[in-house]
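Some notes on the structure that comes next.
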Amino acid sequence: AEPVTLTGSIGVFAGHINTSGFWSDKLGVTYGRIDEGLNANIYGELEDWTDEQRAIQEMAANFGIERLAPDALKWDLTKTMPVDVLRAAAELGMAGIVVREDVGGSGLSRLDGVLIFEGLSRGCPSIAAFLSIHNMVSWMIDLFGNDAQRQHYLPGLCAMDEIASYCL
């Protein structure tokens, strides 16, 4: 398959289109079929979304526009991490998106997470990126941690009482 770069609504993607017309990223994860116009159908058509997914995307977009956009430039210029705004996002379930509900997570899907991060990016891509990293840490503890670790770390992470990151 020939390498290809696609520009989608949430960024630029590098990957390959296989002989069946499906687009895959560099890790080989297949996302969706490419139409004749070479537009990536990465997470389905809008009409394929459930009412809940539409509501999730709208909630995140509204939060991004109303709570992030007005101060995004100031936060960048002053190197400020708006913890109060992160906690407000957590109150809406955006700090433990795919974490199971028994420890304070939202129990949503990866697709729901994509919709959330895309919506938040409308207001501040930096905060959206940070929340995606925070969510990855929470997800890894939820998936790979034992019950004691899950009970110890995840309630605070899901409420943004604790803030997580990682280094590659």
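Readers should treat all values here as calculations from the given coordinates under stated rules, not as data from a laboratory. Model, not experiment: these values are computed from the prediction. Neighbour counts are summed over all protein chains in view; Cβ atoms, including those assigned to glycine, are modelled from backbone coordinates with ideal geometry.
Quickly run through the stretch 123-138 and pick out the residues that are small (Gly, Ala, Ser), assigned to a helix (DSSP H, G or I) and surrounded by 16 or more Cβ atoms within 10 Å (Cβ to Cβ).
Passing the criteria: 128, 132, 138.
Can you tell me how many residues in the stretch 144-160 are touching a residue at least 24 places away in the same chain (Cβ under 8 Å) and closer than 15 Å to residue 89 by Cα?
The total comes to 5.
Taking residue 141, is it more than 26 Å from residue 65 (Cα to Cα), buried (at least 16 other Cβ atoms within 10 Å of the Cβ), in contact (Cβ under 8 Å) with a residue 12 or more places away in the chain and out of contact with any Asp or Glu (no Cβ under 8 Å at 6 or more places or on another chain)?
Yes: the conditions hold for residue 141.
Given the options 164, 159, 89, 95, name the one that is closer than 24 Å to residue 70 by Cα and touching a Ser or Thr at 6+ places or on another chain (Cβ under 8 Å).
95 is the lone residue from the list that is closer than 24 Å to residue 70 by Cα and touching a Ser or Thr at 6+ places or on another chain (Cβ under 8 Å).
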